[in-house]
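My structure is below; once you've seen it, I'll send some questions.
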Amino acid sequence: MNRTKSKAFFTSNTMILVYVILAFSVVVALRQPAFLSPATPINLCRAGLFTFCFALCEMLVMITGGIDVSFPAIGCVSMYVPMVLYDRGILPDNGLYFVLVALLCGLIFGLLNGVLVSYLRIPSLIATLATSSIASGFLAFAFGVKDLTAMPTAFTKIYEMNLVTYTDPASGLSYPLTVLIFVPVVLAVVMALILRYTMGGRGLYAMGGNLSAARIVGFPVRRLQFTTYIVSGLITSLTAVMYVILMHNASTTALMGNEMLVIAACVVGGCSLSGGKGTIGGVLLGTLLITLVQNHLNMLGIDTRWQTLAVGIVLLFGVLMTSLQAGRGKGRV
Amino acid sequence: MKNPLARNKQVGTLIALMALVCVLMLIFCPGSYFTAKNAKSMLFQFPEYGILAFGMMLCMIAGGIDLSLVGIMNLSGLTAALILLALIPEGTEASAEFTAVALIVSSVAALLVGALCGLFNGFLIGYFGIPAMLVTLCSLQLFTGLVYGITGGPAVTGMCDAFKEIANGTIAGTFVPYVLPIFVIVLLVVAFILHKTKLGREIYYLGTNRKASVFSGINTLKTSMLTYMTSGILGGVSGILITSHLNAAKSSNGTSYTLLTILIVVLGGVHPDGGKGDVVGVTLSVLLMQMISNAFTLLHISQDVKNFANGALLILVLVCVMLIRKVEEKKKAQQ
Amino acid sequence: MGEVFVELKGIKKAYEGVYALKGIDLALRKGEIHCLAGGNGCGKSTLIKTISGVHEPTAGEIYIDGQQMNHMKPLDAIEKGIQVIYQDFAVFPNLTVAENIALNTEIKDRTKVVSYKRMRELAGKAMAQIGADLNPDARLEDLSVAGKQMVALCRAIINNPKLLILDEPTTALTAKEVQKLWGVLRNLREQNIAILLVDHKFDEIRPLVDRLTILRNGEFVSSGLISEYGHVRFQKDMTGHDFSTEKYRPEPSDEPILSVEHISSKGNYEDISFALSKGDVLGITGLLGSGRNEIAEALFGLCPAESGKIVLHGKEVKLKSIKDAVKHEIGFVPEDRLTEGLFTALPITDNTVASSLKKYVRAFGLKSFEMGENTKTWMKRLGVVAVSKDVPVSSLSGGNAQKVVLGKWLNTNPKLLVLVGPSVGMDVGAKAEIHAILRDLAQTGVGVVMVTDDLSELVENCNRILIVKDHKIIKSSDNSLSKKEIEALLMGSDQKEEEA
């Protein structure tokens, strides 16, 4: 019995991810010893920050059995609207108001998703596609497509706040790790606790496992689904604000096109498209793998123009592996 | 073999909506909407995404979905462009016969590429049983990545005039654009496949119950691959059309078509779970979308708002369908 | 026998003008196991839903603990102590046993913070009360059907029910598991709980229940103590007809159809050999997991033989996949007819032609008219009762649905038909019809192989029997065995294991 248990552990989804991450790192390190400097984890954190936050939102939705493709659009609206308001002088130079307006946007569109999915019972893919186009359409219609860079001074201050800075002795380049890194850390911890130790959290897993049974057992399914999309919207807008702070600008298209990466990070990390499965740790590893690959293709000598394709190939393998893994041990058909 | 009542309801709703659009346009700009010029412009536009919608329809009836269609479209369009440019380099002239041959060769190549992409999708979905959503999201990335890698970023342009004629020209002497008969042919072929062939029946079976299909001896792998191959070919046709239309092949062509085709297809009566839907509903839906799009243009509403409106329209229609169903259930219960 | 807990008087229920229940009386007593039996369409499900508050009766009265209930909703029924265990259990495959058992209670207690310790304790208490012993941390999707059922029972028990309703609980259980369940129910009876059991297998319920009520076509037929019923009366009340239970004894024939020689598949079956001639109906039985299903599946390419030979009509055939099986004109009627055998949303016609589309291919289209005609022929020959060939199969009863599956394969003109659990979940009347069809089929020269754990079905219909245990054939007979003997052979090794 013990041998089967440890065998199962070592071939589990999580461990396979770890192996792949290690393997990839080894290959890169061999080609580019510079990979092994402390700059790498700092870069990874910076690059993966947004993906991870979005992945947390996506994970929540996927656990309930749905899928969300509206987060890039919601993010864009959440970052752009307060920027425009600030640019036109409607918002004072106060970071807090900015954040509140952004959260409001996230709330509204999260609400829209919630209504569509839990009250109108529209399949989540279609509902979030609709929300996505409503959000981006609204944005372009109401505000045009300028890139904006003026933001509250508070933000500039936060931008300069760094947790730790590593300066590479050889090149003299410095790699700052922003203090905002705490946000995903706190989010992850809080979410992990909620998912594991509250009835609401268990309710999400129950809904993903058997929706009708969840109703029969007494879970407030509608309310839970609704809340999921609202929370997802709020986290998305928070992430958008972080983007503005760190990237120093806002545009209407900055975050678009990321759906696949984030969904892949979740799937590779153990979330099932049909719901009921997913852990924070898994999603973290999934994000790590994807960020790792995305940012080190240069080190592997792959030309920029081929990087989209390369990432796609890695994603394909990830998805294949996870699906084969999940299919193992189940019936034949 | 289908529930005639349900089908009629969908068709009825669509026709009612089309009538509504006409009425509204009569009120707001009768002068420009009901002109030959506007009609002609509509005829040019809808085949491009309408053909793509048929591809999406086939996959959804089979119980899946093809989110990579736009990627296939661009990859095929790129193939056609590159081959054409190889045969007739930019700025050179060629005889009519040679041009014709070049067009045919490049088009066939584009369709082949589309077919291969489709086979790729169909194999992963049918053999490994990976959800179609995931596979095609992934392959969208792959195909788009290929286009981006090959072009290096900027669009490929400079195709010969004859190529541009395909999507932008009309049949000699008439107002009928070339794309219209292409659309009609595609429509007839798809309808034929769905209703008159074994493959068509198997697509419906597969979308209704995959397990039962396997147990009934249906070769679900073959069905899956053929379905996605067909939608891939349709993506190839659209690719030729859009590349000809814009005279440019690039990775970002037609990105709004993904949502649009899903909207069209769902509006047209195809159920996301599979097993239901057919060409009549989808065609009417395509025409309706085109009518709305033109109405927006003439009312000077920007393209971006169209995006917004598409999303809103989808929700509106789904809500209506749901309300109608609820009313029906109430009626039944009261009897 | 205890006091009456739930009493139904003159319950009628109509849907769209059609009466599903035409005036039913029922009295359920505490500390008593009451069985509700009847064929498909007799109204059992509607009655259960009425008792549990899902449906409101069109006429009649419901009394719970002496109090008349009006406009009862499911929550009211639950509050009064009524718990229903449906056939699909309504459990969460991705959660653990403890969570599945305890979640409902936690929700009722409005707990916000989850304590895994408390859930395990709750689960442990429930399991002790029932006598089940499952690993509280096991994931439900890893359990067998019997395990899932135990979990559903524990969940129901935790709510201290006064009436427990079980809807066809034995459909997916092995004989041993049924006995275990019966033990649990006896236990609960001791605790003065009223139990309503929906089941129509007379031999199965006889040793357990105290009282029996039989319905037919929404009407009350009879009710009484179990001792007042015997096989004959049971069948008569259930179907309204007398049925002979004579065994199937075809004329011996020397036209060989199928010869299976020493086939093996690692982990599934070992050294299996048997033969079939014209007119034979071969029955395979064994405990779940003995390999009996796999042997049948070998004939359809689902569990291909790794060694050995299969000879069909004199030619050796390789059955490595379903494609091979269909190519060699073998048909397969699966156990789970609704998910695996039928397209329930599609009309009867579509279902009937699903495996024989090749027949209807024409140069420019499909022969739709012939499809309809062939369907009508099969419907008539098999006695499918339906409004028309265009209604969806979901509207048919279990027996009729199975006939459609048979029609699907018969439309392919098969040489061999393999069936797993051919009459599971059907009432006595439908069973008899299916058996008659299969016997006739065998007489026409189609090989018929069936896997069943219904020993009556086995003994009455199969003139050749294979008993499988631990992946091997332990006895092969030309039906000179009685049910008791077969039972003994099946249970035999088990006793040895217990002694060891």
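Would you mind finding the one in B:Gly126, B:Gly91, B:Gly152 that is out of contact with any Leu (no Cβ under 8 Å at 6 or more places or on another chain), within 14 Å of another protein chain (Cβ to nearest Cβ) and not aliphatic (A, V, I, L, M)?
Unique residue meeting the criteria: B:Gly152.
Kindly establish whether A:Gly278 is at pLDDT 85 or above and either under 14 Å from the mean Cα position of the chain (by Cα) or within 12 Å of chain B (Cβ to nearest Cβ) (or both).
yes
Residues checked against (1) in contact with a helix residue (DSSP H, G or I) (Cβ under 7 Å, 6 or more places away or on another chain); (2) outside any helix (DSSP H, G or I); (3) free of Cβ contacts under 8 Å to residues at least 40 places away in the same chain; (4) within 14 Å of chain B (Cβ to nearest Cβ):
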position: A:Gly89; (1), (2), (3), (4): no, yes, yes, no
position: A:Cys105; (1), (2), (3), (4): yes, no, no, no
position: A:Leu111; (1), (2), (3), (4): yes, no, no, yes
position: A:Leu116; (1), (2), (3), (4): yes, no, yes, yes
position: A:Thr128; (1), (2), (3), (4): yes, no, no, yes
position: A:Thr131; (1), (2), (3), (4): yes, no, no, yes
position: A:Ala142; (1), (2), (3), (4): no, no, yes, yes
position: A:Met151; (1), (2), (3), (4): yes, yes, no, no
position: A:Ala154; (1), (2), (3), (4): yes, no, no, no
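Looking at (1) over 24 Å from B:Cys320 (Cβ atoms); (2) without any contact (Cβ under 8 Å) to a residue 60 or more places away in the chain; (3) within 13 Å of another protein chain (Cβ to nearest Cβ), which is the only condition A:Gly137 fails?
(1)
How many of the residues making up segment C:115-134 are open to solvent by 90 Å² or more (accessible area, probe 1.4 Å), under 30 Å from the mean Cα position of the chain (by Cα) and modelled with pLDDT of 90 or more?
0
When only residues in segment C:55-101 that are at the interface with chain A (Cβ under 10 Å from one of its Cβ atoms), part of a helix (DSSP H, G or I) and at pLDDT below 90 count, which is nearest to C:Lys44 (Cα to Cα)?
Ranking the qualifying residues of segment C:55-101, first place goes to C:Pro74.
Of all residues in segment C:304-344, count the ones that are touching a helix residue (DSSP H, G or I) at 6+ places or on another chain (Cβ under 8 Å) and surrounded by fewer than 16 Cβ atoms within 10 Å (Cβ to Cβ).
The total comes to 2.
A further question on this structure: Restricting attention to segment A:74-93, which residues are of a type in the set (Gly, Ala, Ser) and closer than 21 Å to A:Pro184 by Cβ? Please lay out each step first, then the result.
Just the residues of segment A:74-93 that are of a type in the set (Gly, Ala, Ser), to begin with: A:75, A:78, A:89.
Residues satisfying the conditions are A:Gly75, A:Ser78.
Picking from C:Ile157, C:Ile193, which residue would you name as being open to solvent by less than 40 Å² (accessible area, probe 1.4 Å), among the β-branched types (Val, Ile, Thr) and at pLDDT 90 or above?
Just one listed residue meets the conditions, C:Ile193.
Between residues in segment B:138-156 that are hydroxyl-bearing (Ser, Thr, Tyr) and residues that are surrounded by fewer than 24 Cβ atoms within 10 Å (Cβ to Cβ), which pairs lie under 7 Å by C-beta distance while being six or more apart or on different chains?
If the second residue must be surrounded by fewer than 24 Cβ atoms within 10 Å (Cβ to Cβ), the pairs left are B:Ser139/B:Phe120; B:Thr144/A:Thr308; B:Thr144/B:Ser251; B:Tyr148/A:Arg305; B:Tyr148/A:Thr308; B:Tyr148/B:Ser251; B:Thr151/B:Lys250; B:Thr151/B:Ser251.
From the list A:Leu261, A:Leu273, A:Leu316, A:Leu255, which residue is more than 14 Å from chain B (Cβ to nearest Cβ) and in contact with a helix residue (DSSP H, G or I) (Cβ under 7 Å, 6 or more places away or on another chain)?
Going through A:Leu261, A:Leu273, A:Leu316, A:Leu255 in turn, just one is more than 14 Å from chain B (Cβ to nearest Cβ) and in contact with a helix residue (DSSP H, G or I) (Cβ under 7 Å, 6 or more places away or on another chain): A:Leu255.
Quick check on segment B:308-317. Is at least one of its residues facing another protein chain (nearest Cβ under 10 Å), in contact (Cβ under 8 Å) with a residue 40 or more places away in the chain and hydrophobic (A, V, I, L, M, F, W, C)?
Yes.
If I go through segment B:230-264 residue by residue, how many of them are in contact with a Ser or Thr (Cβ under 7 Å, 6 or more places away or on another chain) and buried (at least 24 other Cβ atoms within 10 Å of the Cβ)?
Residues in segment B:230-264 being in contact with a Ser or Thr (Cβ under 7 Å, 6 or more places away or on another chain) and buried (at least 24 other Cβ atoms within 10 Å of the Cβ): 6 in total.
Just to verify a result, which residue in segment C:339-357, among those that are in a helix (DSSP H, G or I) and at the interface with another protein chain (Cβ under 9 Å from one of its Cβ atoms), is farthest from C:Met426 (Cα to Cα)?
Residue satisfying both the conditions and the ranking: C:Leu357.
Further question on the same structure: If the requirement is being out of contact with any His (no Cβ under 6 Å at 6 or more places or on another chain), surrounded by 20 or more Cβ atoms within 10 Å (Cβ to Cβ) and among the β-branched types (Val, Ile, Thr), which of these qualifies: A:Val183, A:Val244? It would help to see each step written out before you state the result.
On the way: A:Val183 fails: surrounded by 20 or more Cβ atoms within 10 Å (Cβ to Cβ).
None of the other options fit; the residue is A:Val244.
Sticking with this one: Does at least one position in segment A:228-247 carry a residue that is of a type outside the set (Val, Ile, Thr), without any contact (Cβ under 8 Å) to a residue 60 or more places away in the chain and closer than 27 Å to A:Val189 by Cα? So that I can check it myself, show each step before the final result.
Step one: filter segment A:228-247 for residues of a type outside the set (Val, Ile, Thr), giving A:229, A:232-234, A:237-238, A:240, A:242-243, A:246-247.
In the following step, the residues that additionally are without any contact (Cβ under 8 Å) to a residue 60 or more places away in the chain were identified as A:247.
Adding the requirement that they be closer than 27 Å to A:Val189 by Cα leaves A:247.
Within segment A:228-247, one or more residues are of a type outside the set (Val, Ile, Thr), without any contact (Cβ under 8 Å) to a residue 60 or more places away in the chain and closer than 27 Å to A:Val189 by Cα.
May I pose another question? Based on this model, can you work out whether C:Ile11 counts as touching a residue at least 24 places away in the same chain (Cβ under 8 Å), open to solvent by less than 10 Å² (accessible area, probe 1.4 Å), in contact with a strand residue (DSSP E or B) (Cβ under 7 Å, 6 or more places away or on another chain) and farther than 30 Å from C:Val145 by Cβ?
Yes: the conditions hold for C:Ile11.
Would you please name the residue that is nearest to the other protein chains (Cβ to nearest Cβ), looking only at residues in segment B:210-229 that are under 19 Å from the mean Cα position of the chain (by Cα) and crowded, with 24+ Cβ neighbours inside 10 Å? First the steps, then the outcome.
From segment B:210-229, those under 19 Å from the mean Cα position of the chain (by Cα) are B:224-229; that's our starting set.
Filter once more, keeping what is crowded, with 24+ Cβ neighbours inside 10 Å: B:224, B:227-228.
Numbers: B:Ser224: 14, B:Thr227: 15, B:Tyr228: 15 Å.
The residue in question is B:Ser224.
A follow-up question, please. Which residues, counting only those in segment B:126-143, are open to solvent by 40 Å² or more (accessible area, probe 1.4 Å) and closer than 13 Å to B:Ile72 by Cβ?
Once the filter is applied, which keeps residues that are open to solvent by 40 Å² or more (accessible area, probe 1.4 Å) and closer than 13 Å to B:Ile72 by Cβ, segment B:126-143 yields only B:Leu140.
So which of A:Tyr80, A:Tyr86, A:Tyr19 ends up being open to solvent by less than 10 Å² (accessible area, probe 1.4 Å) and of a type in the set (Ser, Thr, Tyr)?
Details: A:Tyr86 fails: open to solvent by less than 10 Å² (accessible area, probe 1.4 Å); A:Tyr19 fails: open to solvent by less than 10 Å² (accessible area, probe 1.4 Å).
Just one listed residue meets the conditions, A:Tyr80.
The values are calculated or read from the model by the stated rules, or taken from the named source; none is laboratory data. Computed from a prediction, not measured in an experiment: that's the story for all the values here. Don't worry about glycine lacking a Cβ; one is built from the backbone with ideal geometry, like all the others, and counts go over all protein chains shown. Quick note on the areas: whole protein, heavy atoms, side chains included, nothing else; ligands and nucleic acids left out. Shrake-Rupley method; radii C 1.70, N 1.55, O 1.52, S 1.80 Å.
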